[in-house]
Amino acid sequence: MKNFPVFIHALSRALARKPFFISHLITGRCNCRCLTCKWRNTMPDGGFTGIINFYRQARNLGFYATTLWGGEPLLREDILEIVKEIKKLGFKTGLITNGYLLSEKVAVTDYLDFLIVSIDAPGKKLDEIRGIDGLYQRIIDGIGHQRCKRIMINTVVSDFSYPECLKTIDLARQYNAVIFFEYPSGKMLISKETARDAFRRILRMKEMGYPVGNSKRYLTSAMSGNFYYSCRAHDISITIDNAGFLKNCITGRVIGNVYKENLAEVLNRSEYQILKNLSRHCHFCTDSGAFESSRTARLKIDAILNSLRLFAGRISKIY
């Protein structure tokens with residue numbers, strides 16, 4: 001397992017409360033109009049120079065992994081150059097896309113360690129949810145062209161996508177991909193009945209050996225809609241928006257702008273240290289990333305085993 005040393009190093013940094021991962025909303029622009037999205041925005045995106053300067057500083061501070069998302073990252077005309085430069089700096093690099101431009105921007109996938117495609121339902125249902133005719137077929141065509149060896153699928157379960165969302169698991173099997181089912185963030189997006197029925201069925205599919213990346217604990221929490229965990233996300237990662245702002249996710253206050261300021265100084269500010277301590281009493285986020293990483297950082301055995309299998313790239317026997 002060549003990624004085992006990487007996992008151990010990541011876990012040791014998390015335990016030392018030294019973040020190593022960058023969750024980077026690289027653009028607020030998007031060509032979709034998803035009903036469950038809260039990230040699309042009209043703020044000006046940061047420029048190439050500011051972004052790469054930020055990554056140079058981050059690498060010097062021990063960060064070594066990033067995921068680029070949005071909005072739709074492939075809408076950026078300079079996305080290929082950005083990904084190239086980030087890889088030159090030694091970052092493990094992933095990208096989340098709605099898939100519309102996968103064929104046109106296939107060269108980007110040459111520089112990715114993993115590609116996450118957002119697919120909430122197959123066929124015309126996805127086109128309806130996203131507000132773009134022909135999107136699903138473009139995704140299928142794009143996956144056929146892309147050159148990244150590791151594909152993941154992300155599916156948001158909501159009243160808009162259920163029950164068709166469960167059929168995306170067939171795509172995961174077809175492309176030898178891990179699939180993550182997400183509980184939506186926001187009010188009036190999923191009923192108690194939908195959550196209970198959908199995630200119970202997903203849990204059953206996981207137990208039958210389907211390539212579901214979520215842990216059993218996440219799926220049972222999603223069934224009830226109660227996510228009881230102690231957040232450790234800020235011991236592991238920093239989240240940067242498309243204008244370069246690092247914010248207090250609890251209060252919404254700006255801590256600093258990493259495109260314009262020294263990253264080390266931003267991370268040493270009292271507001272950031274307060275956030276790291278305050279967040280340990282929070283369990284507001286319902287996404288699997290915050291839930292799973294927080295439980296791994298707290299040395300929960302099932303979460304560690306699940307993370308190990310994901311690092312190894314195995315899609316079977318995931319806890």
Amide H contacts under 5 Å for Phe180, placed H, 5+ residues apart:
Ile153, Asn154, Thr155, Gly213
Label-point separation in nm, Ser224 to Met43, each point 7 Å along Cα→Cβ
3.5
Value of relative contact order over the stretch 172-319, rounded to a whole percent, pairs C-alpha under 8 Å and six or more apart
30
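Please give the calculated 222 nm ellipticity per residue for the chain, where each DSSP H segment of at least 4 residues contributes -39500 (n - 2.57) and the sum is spread over every residue; nearest 500 deg cm²/dmol? Please report the intermediate quantities before stating the final value.
Numbers: 13 runs with 125 residues, N = 319.
Only helices count here, giving -11500 deg cm²/dmol.
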Could you work out what % of the accessible surface of the chain is carbon and sulfur, using a 1.4 angstrom probe and leaving DNA, RNA and ligands out of the count?
54
Give me the distance in nm between label points sitting 7 Å out from Cα along the Cα-to-Cβ direction at Arg150 and Asp110, one decimal.
2.1
Setting aside same-chain residues fewer than 8 positions from Lys149, which lysines have a Cα under 28 Å from its Cα?
Lys2, Lys84, Lys87, Lys88, Lys92, Lys105, Lys124, Lys125, Lys167, Lys206, Lys216, Lys317
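Send over the Kirkwood Rh of the stretch 232-294, from the inverse of the averaged 1/r over different Cα pairs, rounded to one decimal Å. Each step should come with its number before you reach the end.
Working: mean 1/r = 0.0822 Å⁻¹.
In the stretch 232-294 this quantity evaluates to 12.2 Å.
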Which of the listed residues, Gln57, Ile301, Tyr210, is farthest toward the dipole's positive end in the chain, when Lys, Arg count +1 and Asp, Glu count -1 at the beta-carbon?
Ile301
Under 12 Å, Cβ to Cβ, from Asp197 - net charge with Lys/Arg +1 and Asp/Glu -1:
+3
Could you check the simple spin-label distance between Asn248 and Lys260, using points 7 Å along Cα→Cβ, in nm with one decimal?
2.0
State, as an integer percentage, the relative contact order of the chain based on alpha-carbon contacts under 8 Å between residues 6 or more apart.
20
Per residue solvent-accessible surface (Å²) - the chain, probe of 1.4 Å
46
Working out 0.36 nm times the residue gap between His281 and Lys187, then minus their Cα-Cα distance, what length gain in nm do you get to one decimal?
31.7 nm
Listed residues Gly131, Leu89, Leu74: farthest to the positive end of the dipole of the stretch 51-168 (Cβ charges):
Leu89
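Glu164: net charge of surrounding residues, Cβ under 11 Å, Lys/Arg +1, Asp/Glu -1, itself excluded?
Working: positive: Lys124, Lys125, Lys167; negative: Asp120, Glu128.
Around Glu164, the charge tally is +1.
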What's the center-to-center distance, using Cα atoms, between the stretch 168-243 and the stretch 261-297 in Å?
20
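Roughly how many debye, to the nearest 20, is the charge dipole of the chain about its Cα centre, given +1 on each Lys and Arg Cβ, -1 on each Asp and Glu Cβ, and no other charges? Provide the component values of the computation, followed by the final result.
Values: 47 positive and 29 negative charges, 230 e Å.
Dipole of the chain, to the nearest 20 debye: 1100 debye.
The values are calculated or read from the model by the stated rules, or taken from the named source; none is laboratory data. What you see is a predicted model, and the numbers here were worked out from it, not measured in a lab. No Cβ is skipped: glycine too gets one built from the backbone with ideal geometry, and neighbour counts run over all protein chains shown. The area values use the complete protein model at the heavy-atom level, side chains included, leaving out ligands, DNA and RNA. Shrake-Rupley method; radii C 1.70, N 1.55, O 1.52, S 1.80 Å.
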